[in-house]
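Below: the structure, in structure tokens.
The values are calculated or read from the model by the stated rules, or taken from the named source; none is laboratory data. Not measured: the values here are computed from a predicted model. Here the Cβ positions follow ideal geometry from the backbone for every residue, glycine too, while neighbour counts run over all protein chains shown.
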Amino acid sequence: MLKIKKLHKSYKMGDSSLHVLKGIDLNIEKGEMVAIMGSSGSGKSTLLNIIGILDEHDSGEYSLDDVEIKNLNEKLAAQYRNKFLGFVFQSFNLINFKNAVENVALPLYYQGLGRKERLEKAMFHLEKVGLKDWAKHLPSELSGGQKQRVAIARALASEPKLLLADEPTGALDSTTSTEIMQFLQQLNDEGRTLLIVTHETDIANMCKRIVKLKDGIVMQDKNIKQVRP
Amino acid sequence: MFRFLFDFDTWQELSESLTKNKIRTIITMIGVWWGILLLIALLGSARGIENKFNVQFGDYATNSVFIWGQSTSMPFKGYQEGRAPRLKYSHLDKINNNVQGIKFLIPRNQRQSQIVRGVLSSGFGVIGDFPLLDKVQKKNLTSGRFINQNDIEYTKKVAVISKDAYEQLFEKDENAIGEYIEIDDINYKVIGVFKQGNFDFGGQIHIPFTTFQKVYNQGDNIGWIMVTGKDGYDILQIEKDVKLTLKNLNFVHPDDNRAFGSFNLGELFKRFEGFLLGMQFLTWFVGIATLIAGVFAIGNILLITVKERTKEIGIRRAIGATPFEIKRQIVLEAVILTVVAGIFGIISGGWILMAVDSAFGQGPDSVLVNASVSIFIVFVSLIILVVFGSLIGLIPATRATIIKPIDALREE
């Protein structure tokens with residue numbers, strides 16, 4: 001489903017350039033739950049940004065659901081993001097003047113759905129994350145775990161092929177973290193493909209496969225026995 | 001493309017981003033509000049002055065000049081200076097033939113007389129006139145008619161009197177038409193009553209020219225003439241030519257400037273018109289310049305707002321908003337800000353005009369008349385606002401989309 005071959009990326013820093021990704025090879029099949037691990041500077045965020053079509057790679061191949069991602073203009077990139085990908089961020093990134101259900105409905109707004117249909121779908125996903133009764137609450141009135149669940153509902157709203165989570169538990173306490181991970185496992189059980197970037201071993205162990213990055217290359221790629229809390 | 005305008009979310013987001021910082025939004029709008037207020041108030045006042053001016057000159061063919069005989073200041077062809085040249089009825093044809101561009105040439109005779117009706121009497125200027133006068137100096141008749149050709153041919157003893165004269169000679173609500181008044185011991189039948197304009201020189205009572213000639217034994221003499229130019233002819237040149245012809249006919253030295261007196265209404269009118277034009281230009285200039293300053297203030301504030309919303313814009317783009325959709329929203333914000341501020345400006349400008357009108361626009365001696373702006377101008381200002389608003393909105397909108405979503409998300 002996701003195919004990456006000899007992916008390179010470097011950033012220009014004044015006169016010199018910083019080679020961040022030095023030939024990454026990675027294949028992810030439908031229904032996998034992959035953790036990408038690595039210390040800071042290992043290139044995991046860069047990789048996630050490229051996979052998330054938020055950034056462009058310099059050379060190599062990247063295809064998503066057999067569509068090659070290369071030289072996209074901003075408009076096409078936005079449409080692919082909307083169609084293929086769901087994002088979950090460490091800091092939730094909800095829009096703070098919109099209530100929960102409106103936040104969830106936002107990707108659908110950009111898909112061009114009518115308001116009624118949007119809100120119905122958003123309600124459905126909100127119910128799935130167990131926050132139906134909190135639909136009218138603003139993000140500021142929700143706890144961290146609730147916010148992240150709203151964010152997950154938003155990521156799911158556009159029915160993406162791949163769910164990308166960047167340190168989804170980074171801002172949460174351990175109990176809530178476990179809850180969120182449990183929920184993500186549940187989504188995986190339903191057949192969704194998940195890619196989770198983390199530096200916590202506990203979190204990585206709850207996935208089915210761990211890819212370790214170091215200095216811009218894949219150090220280790222192994223399937224593990226999933227830890228079920 | 002414009003479907004988004006009917007979407008609830010578009011307007012919700014608009015009101016969210018505008019009401020998040022109310023004070024800033026209001027201060028932003030003050031610039032445009034003030035600009036359009038100035039534009040409306042100034043244009044309205046200029047219009048009021050113009051209206052006043054039109055009322056003053058309204059009934060007149062404004063490209064007119066009045067000419068009368070005075071006395072010579074130079075001896076010429078054996079004649080001494082100090083002679084009073086006379087205007088003659090028989091000269092009119094020659095003037096008409098010699099001078100180009102004359103539309104109407106109207107001779108008038110005038111004197112001060114005692115008017116009597118029963119026990120009431122009063123002194124008024126009496127003028128002998130042709131029906132043509134009505135064409136040049138539109139008589140605003142409240143009842144009856146003006147002198148006609150028949151009156152001229154049969155030297156009828158009829159009179160058209162001013163409202164002033166009517167009020168002095170008749171009882172209130174009394175019908176004047178068909179009644180008789182005595183002018184210098186001769187009975188005249190009143191055939192019309194008119195309301196005086198601002199430039200009705202001399203006369204309150206009009207009688208047929210021929211009647212005046214006969215009764216007062218004028219023979220060929222004329223008191224003064226009114227000359228009206230055709231469109232496209234310079235009234236100053238016509239004045240010069242007529243005077244020269246008159247000087248010729250009366251054996252007056254061509255350089256004798258005192259022999260004939262004149263009053264050039266056309267020249268005065270032109271000067272006023274130039275003044276009005278200048279005023280209007282200034283008004284538009286000042287108004288639009290202020291407006292532009294106001295619109296720039298809005299662009300400036302939106303630029304800051306965009307900077308503050310970088311992260312939100314990043315989120316939107318991460319979940320699928322295209323740059324166009326982001327731009328559209330910000331441009332719409334700019335347009336709404338300018339238009340709403342503009343509408344408030346138009347309304348308060350209207351209030352100012354109402355205040356100006358009630359302070360300076362009442363009564364016959366008012367400075368201005370009906371200070372107002374037309375729907376057309378309001379419409380044009382709104383169009384200008386929408387255009388300026390969208391143009392200025394493009395600056396922050398472009399800036400918002402230049403930021404890469406990834407950079408926007410990183411911003412804390």
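Every condition in (1) more than 30 Å from B:LYS52 (Cα to Cα); (2) in contact with a Ser or Thr (Cβ under 6 Å, 6 or more places away or on another chain); (3) at pLDDT below 85 holds for B:GLN218 except the one numbered (2). Residues that are surrounded by 17 or more Cβ atoms within 10 Å (Cβ to Cβ) and either under 26 Å from B:SER64 (Cβ atoms) or within 34 Å of the chain's Cα centre (by Cα) (or both) within the range B:147-158 comprise B:ILE147, B:ASP151, B:ILE152, B:VAL158, listed in sequence order.
For the range B:228-254, taking the residues that are more than 32 Å from the chain's Cα centre (by Cα) and part of a helix (DSSP H, G or I), the one that is surrounded by the most Cβ atoms within 10 Å (Cβ to Cβ) is identified as B:LEU246. Contact annotation: residue pairs with Cβ atoms under 8 Å, 6 or more positions apart or on different chains, pairing a residue in the range A:9-30 that is at positive phi with a partner that is surrounded by 15 or more Cβ atoms within 10 Å (Cβ to Cβ) and modelled with pLDDT under 90, are A:GLY23/A:GLY216. Being at pLDDT below 90, crowded, with 21+ Cβ neighbours inside 10 Å and part of a strand (DSSP E or B) is a condition met by no residue of the range A:207-219.
Scanning the range B:148-177 for residues that are out of contact with any helix residue (DSSP H, G or I) (no Cβ under 8 Å at 6 or more places or on another chain), part of a loop (DSSP other than H, G, I, E, B) and under 22 Å from B:PHE209 (Cβ atoms) returns B:ASN148, B:TYR154, B:ILE177. Would you please name the residue that is farthest from B:ALA159 (Cα to Cα), looking only at residues in the range B:207-227 that are touching a helix residue (DSSP H, G or I) at 6+ places or on another chain (Cβ under 7 Å) and in a helix (DSSP H, G or I)? For the range B:207-227, the residue satisfying everything is B:THR210. Residues considered: B:GLY82, B:GLY44. Of these, the only one that is at pLDDT below 85 and touching a Ser or Thr at 6+ places or on another chain (Cβ under 7 Å) is B:GLY82.
Residue check: B:GLY128 meets all listed conditions (1) in contact with a strand residue (DSSP E or B) (Cβ under 8 Å, 6 or more places away or on another chain); (2) part of a helix (DSSP H, G or I); (3) of a type outside the set (A, V, I, L, M, F, W, C); (4) buried (at least 18 other Cβ atoms within 10 Å of the Cβ) but one, namely (2). For the range A:70-87, the set of residues classified as modelled with pLDDT of 90 or more and of a type in the set (A, V, I, L, M) consists of A:LEU85 only. Of everything in the range A:178-198, what is part of a loop (DSSP other than H, G, I, E, B) and closer than 21 Å to A:LYS44 by Cα? Give them in sequence order. Result: A:THR198, single match. The requirement of being closer than 30 Å to A:ALA77 by Cα, among the basic types (Lys, Arg), modelled with pLDDT of 85 or more and surrounded by 17 or more Cβ atoms within 10 Å (Cβ to Cβ) is satisfied by B:ARG316. Of all residues in the range B:284-335, those that are among the charged types (D, E, K, R) and within 48 Å of the chain's Cα centre (by Cα) total 3. Considering only residues in the range A:47-81 that are in a helix (DSSP H, G or I) and within 16 Å of A:THR193 (Cα to Cα), the one that is nearest to the other protein chains (Cβ to nearest Cβ) turns out to be A:ARG81.
Note on the range A:120-137: residues that are farther than 23 Å from A:GLN182 by Cβ and crowded, with 20+ Cβ neighbours inside 10 Å total 1. With respect to the conditions (1) in contact (Cβ under 8 Å) with a residue 40 or more places away in the chain; (2) surrounded by fewer than 20 Cβ atoms within 10 Å (Cβ to Cβ); (3) assigned to a helix (DSSP H, G or I), A:ALA155 falls short on a single one, namely (2).
Would you confirm whether or not the range A:90-111 contains a residue that is crowded, with 22+ Cβ neighbours inside 10 Å, more than 10 Å from chain B (Cβ to nearest Cβ) and over 23 Å from B:GLN12 (Cβ atoms)? The answer is no; no qualifying residue exists.
The C-beta contact set for the range B:15-41 (first residue buried (at least 19 other Cβ atoms within 10 Å of the Cβ), second residue modelled with pLDDT under 80, distance under 7 angstrom, 6+ apart or interchain) comprises B:THR25/B:LEU18. Here B:ILE225, B:ILE177, B:ILE207 are screened, and the one residue that is within 19 Å of B:GLY144 (Cα to Cα), surrounded by 22 or more Cβ atoms within 10 Å (Cβ to Cβ) and in the same structural domain as B:LYS139 (by TED's automatic domain parsing) is B:ILE207. Per the listing A:THR175, A:THR169, the residue uniquely among the hydroxyl-bearing types (Ser, Thr, Tyr), assigned to a helix (DSSP H, G or I) and either closer than 22 Å to A:MET206 by Cβ or in contact with a strand residue (DSSP E or B) (Cβ under 8 Å, 6 or more places away or on another chain) (or both) is A:THR175. Would you confirm, using the coordinates I've provided, whether A:ILE36 is out of contact with any Gly (no Cβ under 8 Å at 6 or more places or on another chain), within 14 Å of chain B (Cβ to nearest Cβ) and buried (at least 17 other Cβ atoms within 10 Å of the Cβ)? No; evaluated as a whole, the condition is false for this residue.
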